[in-house]
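Chemist: Input: one structure, supplied below.
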Amino acid sequence: MSSGNITGGCQCGAVRYFLSKAPNMVYTCHCSNCRRASSSAFNVSCLVAAESFNLEQGQLARIVWMVGNNIKRYGEFCGDCGVRIRHGSDPNDGIYAVRGGTLDDQKYAQPVAHIWLSSAAGWFIPPADDLCFETQPDNNSDIEALYKKRFGDLA
Ligand SMILES: [Zn+2]
Ligand SMILES: [Zn+2]
């Protein structure tokens with residue numbers, strides 16, 4: 001049952017999911033990994049509490065890679081159409097990064113920050129009032145605070 005929840009899905013319709021809570025924050029990532037994974041110039045990442053993500057229909061296939069010492073990062077996607085749905089970590093850190101473009105209502109996928117701008121496409125100009133980071137921010141607290149300020153009423 002998804003009425004009142006935030007719904008999303010893949011391109012072919014095989015995968016459908018809902019979030020029981022709005023994202024904690026949304027940012028774009030311009031690193032080369034996210035560019036390839038999104039088949040685009042950057043990725044829109046909506047960070048959500050893992051327990052708020054509910055797979056309603058379909059199955060997620062998985063690609064795994066290592067980031068540093070014994071931490072696995074994985075991307076999960078529709079095995080039929082290949083659309084990336086979410087990223088997570090193993091060991092689990094309690095957060096999924098849901099791909100913003102898969103949300104039905106794009107008001108939940110409005111970024112307030114832009115990371116890895118050192119590898120961004122030359123034509124990308126971040127909005128003046130957003131937070132900008134050349135690489136990975138030390139932590140997400142400023143991004144989360146700005147997201148709450150702008151979009152906290154969506155929660
Ligand atoms: Zn699909
Ligand atoms: Zn990235």
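Chemist: Can you find, within segment 2-48, the residue that is farthest from ligand 2 (Cβ to nearest atom) among those that are at positive phi and at pLDDT below 95?
Modeler: Across segment 2-48, the extreme among qualifying residues is 4.
Chemist: Counting only residues that are among the β-branched types (Val, Ile, Thr) and touching a Leu at 6+ places or on another chain (Cβ under 9 Å), which one in segment 59-104 is surrounded by the fewest Cβ atoms within 10 Å (Cβ to Cβ)?
Modeler: Per the criteria, the residue is 95.
Chemist: Could you look through segment 22-58, keep only residues that are among the charged types (D, E, K, R) and surrounded by 14 or more Cβ atoms within 10 Å (Cβ to Cβ), and pick out the one that is farthest from the chain's Cα centre (by Cα)? Spell out the reasoning first.
Modeler: Initially, segment 22-58 is screened for residues among the charged types (D, E, K, R), giving 35-36, 51, 56.
If we keep only those that are surrounded by 14 or more Cβ atoms within 10 Å (Cβ to Cβ) as well, we get 35, 56.
Numbers: 35: 13, 56: 18 Å.
In this case the residue turns out to be 56.
Chemist: Turning to a different aspect of this structure: Kindly provide the set of residues from segment 130-155 that are of a type in the set (Asp, Glu) and in contact with a Leu (Cβ under 9 Å, 6 or more places away or on another chain), ordered by number. Quick ask: steps written out before the conclusion?
Modeler: Restricting attention to segment 130-155, the residues satisfying the condition of being of a type in the set (Asp, Glu) are 130, 134, 138, 142, 144, 153.
Those that are of a type in the set (Asp, Glu) and in contact with a Leu (Cβ under 9 Å, 6 or more places away or on another chain): 130, 134, 142, 144.
The values are calculated or read from the model by the stated rules, or taken from the named source; none is laboratory data. The model shown is predicted, which means the values in this text are computed figures rather than measured ones. Because the Cβ atoms are built from the backbone with ideal geometry, glycine has one as well, and the counts that use them run over all protein chains shown.
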